[in-house]
């Protein structure tokens, strides 16, 4: 059906007024529950609106009155990733308790796109803005922040601006994973990491390297692969590592996508190497995959709580909350060296 077909247009207030037999001003007053409208007239207007399927644009109405909307914006990575969707779920549930609604947009790890999305949210006068940032400075946000728009950064710290942040203990979690594999007798331990320019990945790489150096182990050095950003490339990287002579006896993958790629690469290996992945994921328990786990919904919940406190008037210095991690042994990370 053509876009300019009248049958697909949203009904207007003018149509409601005409159907109810009242003026446009009276129809507006009735729908906004304002006084000085006769009950019978008000009901006639409501019936006409229901018949036409007319709905008030509450956001526009509030903005015309000079108020902010009830919306909170989230700029994140791809919500198809279970990590981001779990974080968004935690945010949404916390905001709902305060009568606030979450709207989301994907930055595709692109700083320019991120900035345009931030601008779009600010133009709509969101009450607060939550950002899982791509690489890039955020000093441009300091002007907006000084005008009462709270910003909270998730998973990755802000660059160039002070702001509340909720982060994961990336260094500690990776170090624990590496120590777990070292304790199992492994020395040729491969690390498959995502984009090294991202702060969480740098932390995970640093934690792994620190554990290797503390143990006096150098046998891992030929087996490091970084800037592996998706399942397909992770599968290929792991297959290539398994073909080396000697091959690594264990793997550490730095997020759930890369762990999935590693599992695919190992599915036909008769005696697969040990594997520990950072981030839990659906069916990891069924597959017996050892992971570095953290509460993903808690990241979102804490970020929403910080944002709401700012909305409610908190003016203290920027705060940082760090979500703890733990190694969850399920079998894959406990395989002995072969």
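Quick rundown of the values:
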{"quantity": "Inter-residue pairs, beta-carbon under 6 Å, first on the phi < 0 side of the Ramachandran plot and in the range 10-35, second part of a loop (DSSP other than H, G, I, E, B), 6+ apart", "calculated": "11/53; 11/54; 16/54; 29/37; 30/37; 31/56"}
{"quantity": "Residues of the range 69-83 satisfying the condition of being surrounded by fewer than 22 Cβ atoms within 10 Å (Cβ to Cβ) and more than 15 Å from residue 149 (Cβ to Cβ)", "calculated": "77, 78, 79, 80, 81, 82"}
{"quantity": "Test set (1) buried (at least 16 other Cβ atoms within 10 Å of the Cβ); (2) modelled with pLDDT under 90; (3) in contact with a helix residue (DSSP H, G or I) (Cβ under 9 Å, 6 or more places away or on another chain) - residue 135 fails condition number", "calculated": "(1)"}
{"quantity": "Residue that is modelled with the lowest pLDDT, among those in the range 104-125 that are under 12 Å from the mean Cα position of the chain (by Cα) and surrounded by 15 or more Cβ atoms within 10 Å (Cβ to Cβ)", "calculated": "109"}
{"quantity": "Residue 265, sole failed condition from (1) touching a residue at least 40 places away in the same chain (Cβ under 8 Å); (2) surrounded by 17 or more Cβ atoms within 10 Å (Cβ to Cβ)", "calculated": "(1)"}
{"quantity": "Enumeration of residues in the range 281-293 that are surrounded by 21 or more Cβ atoms within 10 Å (Cβ to Cβ) and under 28 Å from residue 92 (Cβ atoms)", "calculated": "281, 284, 289, 291, 292"}
{"quantity": "Verdict on residue 166 being buried (at least 24 other Cβ atoms within 10 Å of the Cβ) and in contact with a strand residue (DSSP E or B) (Cβ under 8 Å, 6 or more places away or on another chain)", "calculated": "yes"}
{"quantity": "Residue within the range 231-242 that is closer than 30 Å to residue 92 by Cα and surrounded by fewer than 21 Cβ atoms within 10 Å (Cβ to Cβ) present", "calculated": "yes"}
{"quantity": "When residues of the range 190-222 are limited to those that are in contact (Cβ under 8 Å) with a residue 60 or more places away in the chain and crowded, with 16+ Cβ neighbours inside 10 Å, the one farthest from residue 273 (Cα to Cα)", "calculated": "198"}
{"quantity": "Segments classed as strands (runs of 3 or more DSSP E), wholly inside the range 233-338, with at least 2 members that are modelled with pLDDT of 95 or more and within 17 Å of the chain's Cα centre (by Cα)", "calculated": "320-323"}
{"quantity": "Lone unmet requirement of (1) within 23 Å of residue 188 (Cβ to Cβ); (2) out of contact with any strand residue (DSSP E or B) (no Cβ under 9 Å at 6 or more places or on another chain) for residue 329", "calculated": "(2)"}
{"quantity": "Helices (runs of 4 or more DSSP H) wholly inside the range 8-101 that include at least 1 residues being modelled with pLDDT of 90 or more", "calculated": "13-20, 24-31, 39-52, 82-96"}
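A quick yes/no check of all residues on (1) assigned to a helix (DSSP H, G or I); (2) within 19 Å of residue 335 (Cα to Cα); (3) outside the structural domain of residue 125 (by TED's automatic domain parsing):
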{"residue": "156", "(1), (2), (3)": "no, no, no"}
{"residue": "179", "(1), (2), (3)": "yes, yes, yes"}
{"residue": "185", "(1), (2), (3)": "no, yes, yes"}
{"residue": "205", "(1), (2), (3)": "yes, no, yes"}
{"residue": "212", "(1), (2), (3)": "yes, yes, yes"}
{"residue": "218", "(1), (2), (3)": "no, no, yes"}
{"residue": "228", "(1), (2), (3)": "no, no, yes"}
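The values are calculated or read from the model by the stated rules, or taken from the named source; none is laboratory data. Quick caveat: nothing in here was measured; it's all calculated off a predicted structure. Neighbour counts are summed over all protein chains in view; Cβ atoms, including those assigned to glycine, are modelled from backbone coordinates with ideal geometry.
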